[in-house]
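**Q** Take this structure, written in structure tokens, and hold onto it; I'll ask about it next.
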Amino acid sequence: MKRLLFLSLLAFVILPGGIAANESVSDERISEISQRLESYNTDSLIERRDFLVSYLEGDDEADSNGVPAGSAPERSLEISIIEAMLVALGVVILDNVLEDSTTPPDTVFPVITILGDNPATVELGSSYNDAGATSDGGETVSSSGSVDTNTVGTYTITYSATDAAGNTSTATRTVNVVDTTAPVVTLTGAATVTVELGGTYTELGATATDASGTVTVVTSGTVDTDTVGSYTVTYSSTDASGNVGTATRTVNVVDTTAPEITSSDTFVADENQTAIGTVTATDLQTVTFTVSGTELQITSGGVLTFVAAPDYETKSVYTATVTATDASSNSTTQDITVNVNDVGGIDDDPGTGTGTGTGTGTGTRTMYTIRPRSHPKIPQLRFRN
């Protein structure tokens, strides 16, 4: 403190208003003031200065420590010495206001806290509401930047806050506008269509909409109207983000038309053998045949035969019903007649008669006639036993 006092007195001597301006104060008095101030700390020096600066004639003659104010020249001198000492201690005096020059400046920046998600994700075409941000010191937080939710991309919102010392902080939020929604595909026409076998299928197509803008529709799948079955036609649309939307149509190819029997309803067959003929029918699918009764039989391909070879003399006309059925169970029927030919042979009807011959006695005889019926011009042969 002695060295500080020496420097203060040196400054006081060379400064305007120093000893040269206070020649009315004796050296002895200056020495007394200097020795007293030497024992003061910074707070005491400030307190003494404030007392002397605010002192008015008629006030209390001494400060809180009991030190008298002194005469006006002495007060002026002491104030100058104190201020020189305070300056040496790093205390700045501005317009009679003391400020500690050793206090460091405010270099602490505000801390900004972003509210909500960061990064934030927004679906294309939706709305974005910014959650904002706060500052730890209560400073006003401003934001800049915009988000176009109609365009896929990455956007930045910047927040800034400035404190009373002029320290400015910034923070940023990333907002990603994404498209995760597939296009909506709408069928033109019914979702299920029925086409008759052998008919024509007309493709009606589909349309698609998407938040990203115009999209196209691709059609896949075929319909074979010559084959009964269920077919699927798929419509797909892909947007710029790779999202795929689909829709399907079911096309049922059906056969509701019964076969048409094209063969005659009358057949002629010879007796004593089983072959009759073939029943035929037309259809877009394979046809199988059946026949009623127990006397006739028919293969699935339509070959008609007797179960047992017929005998003209026993039965010469047969009737039955033939059914033709296609692969879709459509069927049609036809009543048929089979006439049996008499192809000739031994007459099954014996004749009786009487006659005479050499020898004696009487008796009966049986006469048999062989008639080749298929050859009427050949004479009949008769023999007896």
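**Q** Among the residues of the range 184-206, write down those that are on the phi < 0 side of the Ramachandran plot and part of a loop (DSSP other than H, G, I, E, B). Full working, then the answer.
**A** Filtering the range 184-206 down to residues on the phi < 0 side of the Ramachandran plot leaves 184-188, 190-197, 199-204, 206.
Correct list: Thr188, Ala190, Ala191, Leu197, Gly199, Thr200, Tyr201, Thr202, Glu203, Leu204.
**Q** Are any residues in the range 278-296 part of a strand (DSSP E or B), more than 14 Å from Thr333 (Cβ to Cβ) and either touching a Gly at 6+ places or on another chain (Cβ under 9 Å) or among the charged types (D, E, K, R) (or both), and if so, which ones?
**A** Residue satisfying the conditions is Thr278 alone.
**Q** Any residue that is part of a strand (DSSP E or B) and at pLDDT 95 or above - is there at least one of those in the range 347-370?
**A** First, the residues of the range 347-370 that are part of a strand (DSSP E or B): 351-353, 365-370.
Okay, now just the ones that are also at pLDDT 95 or above, so none.
No: the range 347-370 contains no residue that is part of a strand (DSSP E or B) and at pLDDT 95 or above.
**Q** Something else: Note down all Cβ pairs under 7 Å where the first residue falls in the range 149-174 and is touching a residue at least 60 places away in the same chain (Cβ under 8 Å), the second is loosely packed, with under 12 Cβ neighbours inside 10 Å and among the charged types (D, E, K, R), and they're at least six residues apart or on different chains.
**A** Final answer for the pair search is Ala165/Asp106; Asn167/Asp106.
Residue-wise test of (1) closer than 16 Å to Gly189 by Cα; (2) in a strand (DSSP E or B).
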| residue | (1), (2) |
| --- | --- |
| Ala208 | yes, yes |
| Thr222 | no, no |
| Thr227 | no, no |
| Ser230 | no, yes |
| Thr248 | yes, yes |
| Val253 | no, yes |
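**Q** With the structure loaded, tell me whether Ile81 is more than 30 Å from Pro183 (Cα to Cα), within 60 Å of the chain's Cα centre (by Cα), surrounded by 12 or more Cβ atoms within 10 Å (Cβ to Cβ) and at pLDDT 85 or above or whether it fails that test. Step through it out loud before you land on a result.
**A** Details: more than 30 Å from Pro183 (Cα to Cα): yes; within 60 Å of the chain's Cα centre (by Cα): no; surrounded by 12 or more Cβ atoms within 10 Å (Cβ to Cβ): yes; at pLDDT 85 or above: yes.
Here the answer is no, as Ile81 does not meet what is asked.
**Q** So if I check each of Thr225, Thr246, which one is surrounded by 13 or more Cβ atoms within 10 Å (Cβ to Cβ) and under 17 Å from the mean Cα position of the chain (by Cα)?
**A** Values: Thr225 fails: under 17 Å from the mean Cα position of the chain (by Cα).
Thr246 is the lone residue from the list that is surrounded by 13 or more Cβ atoms within 10 Å (Cβ to Cβ) and under 17 Å from the mean Cα position of the chain (by Cα).
**Q** Return the only residue of Thr319, Thr250, Thr288, Thr266 being in the same structural domain as Ala206 (by TED's automatic domain parsing) and touching a strand residue (DSSP E or B) at 6+ places or on another chain (Cβ under 7 Å). Spell out the reasoning first.
**A** Values: Thr319 fails: in the same structural domain as Ala206 (by TED's automatic domain parsing); Thr288 fails: in the same structural domain as Ala206 (by TED's automatic domain parsing); Thr266 fails: in the same structural domain as Ala206 (by TED's automatic domain parsing).
Step by step, each of Thr319, Thr250, Thr288, Thr266 is checked, and only Thr250 is in the same structural domain as Ala206 (by TED's automatic domain parsing) and touching a strand residue (DSSP E or B) at 6+ places or on another chain (Cβ under 7 Å).
**Q** While we're on this one: In this structure, does Leu204 turn out to be under 15 Å from Ala247 (Cα atoms) and in contact with a Ser or Thr (Cβ under 8 Å, 6 or more places away or on another chain)?
**A** Details: under 15 Å from Ala247 (Cα atoms): yes; in contact with a Ser or Thr (Cβ under 8 Å, 6 or more places away or on another chain): yes.
Yes; evaluated as a whole, the condition is true for this residue.
**Q** If we scan the range 297-312, do we find a residue that is in a strand (DSSP E or B), surrounded by fewer than 16 Cβ atoms within 10 Å (Cβ to Cβ), under 57 Å from the mean Cα position of the chain (by Cα) and not polar (S, T, N, Q)? Please lay out each step first, then the result.
**A** First, pick out the residues of the range 297-312 that are in a strand (DSSP E or B): 297-298, 303-306.
Still in the running and surrounded by fewer than 16 Cβ atoms within 10 Å (Cβ to Cβ): 303.
With under 57 Å from the mean Cα position of the chain (by Cα) added as a condition, the list becomes none.
The answer is no; no qualifying residue exists.
**Q** Assuming Val215 fulfils every condition listed in (1) under 30 Å from Gly137 (Cβ atoms); (2) surrounded by 15 or more Cβ atoms within 10 Å (Cβ to Cβ) apart from one, which condition is it?
**A** Going through the list (1) under 30 Å from Gly137 (Cβ atoms); (2) surrounded by 15 or more Cβ atoms within 10 Å (Cβ to Cβ), Val215 breaks only (1).
**Q** Which residue is surrounded by the most Cβ atoms within 10 Å (Cβ to Cβ), if the candidates are limited to the range 123-147 and must be part of a loop (DSSP other than H, G, I, E, B) and of a type in the set (Val, Ile, Thr)?
**A** Filtering the range 123-147 for residues that are part of a loop (DSSP other than H, G, I, E, B) and of a type in the set (Val, Ile, Thr), the one surrounded by the most Cβ atoms within 10 Å (Cβ to Cβ) comes out as Val147.
The values are calculated or read from the model by the stated rules, or taken from the named source; none is laboratory data. Keep in mind that this is a model prediction, so the values were computed, not measured. With ideal geometry, Cβ positions are generated from the backbone for all residues, glycine too; neighbour counts draw on all protein chains shown.
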